[in-house]
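Student: The structure's right below; bear with me while I get my questions together.
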Amino acid sequence: MLKLAYVGGLGMMAGPAAVHLAADGPARVLRVQDRGSQGGTREQYRADWRAHGADLVPTLQQTVGSGDLDGVVVCAGKNGDDVAIIGELAGRLRAESSARPFILHLSTVSPDFAEAATTFCAGQQVDYVNYPLTGGPLGAQLGGADPKGMLILASGDEALYQRLLPLLQRLGHPRYFGGSPAAGAITKLIGHHMVFNGLNGIATAAAIHADCFNQGRLGGDEQYDYLGFLNGGAGGTRQWDLALSKGIAADNWEQGFGIHHAVVDAVYAARLALAAGLPRISIQAMTNTAFIFSYLLQRYPGQTLATHAVAREMIRSGSAALDRFMEERGAFGADADAVITACVASLPERIRDSALLEVTIDHFESRLP
């Protein structure tokens with residue numbers, strides 16, 4: 001049975017593991033980092049981890065302990081958040097472990113992060129793999145026992161993947177995408193192109209319906225029925241069922257994929273399309289998405305909003321202000337790389353720092369304890 005610790009175990013994607021991992025294995029979580037944050041589902045996850053048998057500890061040093069772990073699972077933030085976590089964990093695991101430990105990194109990060117982290121951790125005698133998750137909080141709650149449980153996008157060291165497979169199958173539905181350390185990260189960003197283009201499509205449809213059939217407003221039974229019916233046709237997208245339908249049916253614009261995470265993912269997806277030599281239409285779709293998320297973050301500071309809240313800014317009454325924001329901040333420039341840079345610059349400082357483009361080994365080495 002694997003002996004693990006969790007960093008980010010009170011979040012909506014990693015927290016459900018406390019229930020999915022039973023006493024009979026395939027893994028026992030000894031410790032979970034708990035920095036004392038309040039709100040959301042954290043209290044429930046604290047109770048679930050205690051019931052699992054895990055100790056809640058405040059620091060990474062206590063999380064690693066004194067050599068009793070096979071590995072640490074990390075599901076925390078983006079490049080700028082996790083570079084410090086991975087750097088410190090690798091150094092502490094190297095110092096405390098007799099056998100070669102591993103870091104299982106479940107966060108969505110950029111491909112260059114995954115590659116640099118793999119090289120850095122190998123130098124610390126620690127195995128590292130990045131397996132991003134997709135399927136949202138509901139998919140994480142359903143786990144591997146349900147066909148609609150989250151997907152786990154694995155790549156890197158195949159022997160480690162096989163060792164982790166029983167654990168992964170409890171948490172969701174894993175698939176291995178080959179030996180490249182960045183293949184899982186690339187696959188997650190490919191999925192984001194599908195997600196965000198679907199979101200734009202269904203939000204645009206809702207805005208046009210509002211203008212033509214619904215007195216310029218979003219919501220109501222008639223609009224819900226109209227879009228639900230149309231979504232069953234050739235243009236259907238899961239973004240209706242998973243996202244926008246909540247806003248139309250119940251005026252709920254908070255539950256779902258939070259824009260403070262989504263905006264960074266959209267930037268990474270745009271960079272991937274640029275690196276792959278895709279046409280501007282593919283890159284621009286992601287930068288446009290990132291800019292509208294940035295606009296929402298600036299317009300509603302301190303509020304929790306999910307991605308489908310973009311629809312509220314696309315109807316006639318809000319579209320001009322959105323256009324001004326994008327024009328003034330360089331969303332429609334001639335150079336795609338410059339547009340990506342401008343998009344990151346438009347973000348609130350905390351989220352801008354979290355994005356951390358161009359990750360190198362030096363970023364991790366500077367965080368060694």
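Student: Please figure out what share of the DSSP beta bridges in the chain is antiparallel and state it in percent, rounded to the nearest 5.
Tutor: Bridges in the chain that DSSP calls antiparallel: roughly 15 percent.
Student: Would you work out the charge dipole size for the range 106-201 about its Cα centre, treating the Cβ of every Lys and Arg as +1 and the Cβ of every Asp and Glu as -1, and quote it to the nearest 20 debye?
Tutor: Using only the charged Cβ atoms, the result is roughly 300 debye.
Student: Students sometimes get this wrong: rank Phe213, Phe229, Phe291 by accessible area, probe 1.4 Å, all chains present, largest first.
Tutor: Per-residue accessible area, sorted high to low, gives Phe229, Phe213, Phe291.
Student: Further question on the same structure: List the extent of the Cα atoms of the chain along each of their three principal axes, largest first, rounded to whole Å.
Tutor: 67, 42, 36
Student: For the chain, with only Lys/Arg (+1) and Asp/Glu (-1) charged at the beta-carbon, what is the dipole magnitude about the Cα centre, in debye rounded to 20?
Tutor: In debye, rounded to 20, the chain gives about 360.
Student: Per-residue HN-Hα couplings for the range 65-77, Karplus 6.51 cos²θ - 1.76 cosθ + 1.60 at θ = phi - 60°, whole Hz, x for Gly and Pro?
Tutor: x, 10, x, 9, 10, 7, x, 10, 9, 10, 9, 10, x
Student: Given axes a ≥ b ≥ c from the Cα gyration tensor, I'd like to know whether the range 10-100 is rounded (a/c under 1.5), prolate (a/b larger than b/c) or oblate.
Tutor: In terms of gyration-tensor shape, oblate.
Student: So, one more: In whole Å, what is the distance between the alpha-carbon centres of the range 237-264 and the range 309-369?
Tutor: Here the two parts' Cα centres lie 20 Å apart.
Student: Given H placed 1.01 Å from N in the peptide plane, which residues other than close sequence neighbours of Tyr128 have an amide H under 5 Å from its amide H?
Tutor: Close amide H contacts, sequence-distant or interchain: Ile103.
Student: Let me ask something else about it. To the nearest 10 square angstrom, what accessible area does Arg329 show with a 1.4 Å probe?
Tutor: That residue has around 100 Å² of solvent-accessible surface.
Student: Take each of the peptides 107-113, 271-277, average the number of other beta-carbon atoms within 10 Å over its residues, and list them starting from the highest.
Tutor: 107-113, 271-277
Student: Express the accessible area of the chain per residue in Å², computed with a 1.4 Å probe while the remaining protein chains stay in the model.
Tutor: Each residue of the chain exposes 44 Å² on average to a 1.4 Å probe.
Student: Expressed as an acute angle from 0 to 90° and rounded to the nearest 10, what is the orientation of the C-alpha long axis of helix 280-299 relative to the principal long axis of the chain?
Tutor: The answer is roughly 90 degrees.
Student: A further question on this structure: How many percent of the accessible area of the chain is carbon or sulfur, using a 1.4 Å probe?
Tutor: 51 percent
Student: Okay, next question. Using amide H atoms built in the peptide plane, which far-off residues or other-chain residues are under 5 Å from Phe177 H to H?
Tutor: Ala154, Ser155
Student: Ranked by accessible surface with a 1.4 Å probe, highest first, in what order do Asp127, Asp82, Asp24, Asp211 come?
Tutor: If we order Asp127, Asp82, Asp24, Asp211 from most to least accessible, we get Asp24, Asp211, Asp127, Asp82.
Student: Give me a comma-separated list of calculated 3J(HN,Hα) values for the range 108-124, in order, Karplus coefficients 6.51, -1.76, 1.60 applied at θ = phi - 60°, integers in Hz, x for any Gly or Pro.
Tutor: Result, rounded to whole Hz: 8, 10, 7, x, 5, 4, 4, 5, 5, 5, 4, 5, 4, 5, 4, x, 9.
Student: Applying the Karplus parametrisation 6.51 cos²θ - 1.76 cosθ + 1.60 with θ = phi - 60° to the phi angles of the range 78-90, what ³J(HN,Hα) value in whole Hz is obtained for each residue in order, glycine and proline being reported as x?
Tutor: 10, 3, x, 7, 8, 4, 5, 5, 5, x, 5, 4, 4
Student: Another question, if that's okay. Using a 1.4 angstrom probe on the protein heavy atoms only, could you order Ser319, Ser354 from most to least accessible area?
Tutor: Per-residue accessible area, sorted high to low, gives Ser319, Ser354.
Student: Using the scaling law 2.2 N^0.38 Å as the reference, what is the normalised Cα Rg of the range 169-221?
Tutor: Against the compact-globule rule of thumb, the ratio is 1.85.
Student: Given the DSSP H assignment, sum -39500 (n - 2.57) over each helix run of at least 4 residues in the chain and divide by its residue total; what's the result at 222 nm in deg cm²/dmol, nearest 500?
Tutor: One gets -16500 deg cm²/dmol as the mean residue ellipticity at 222 nm.
Student: According to the Kirkwood expression over distinct Cα-Cα pairs, how big is the hydrodynamic radius of the range 27-178, in Å?
Tutor: 16.0 Å
Student: Taking only Cα atoms, what is the 0 to 90° angle, nearest 10, from helix 336-345's long axis to the longest principal axis of the chain?
Tutor: 80 degrees
The values are calculated or read from the model by the stated rules, or taken from the named source; none is laboratory data. In this text, all values refer to a predicted model and were calculated from it rather than measured experimentally. In this analysis, Cβ positions are derived from the backbone assuming ideal geometry, glycine residues included, and neighbour counts consider all displayed protein chains. When the accessible area is computed, the model is the full protein with side chains, heavy atoms only, and any ligands, DNA or RNA have been set aside. Shrake-Rupley method; radii C 1.70, N 1.55, O 1.52, S 1.80 Å.
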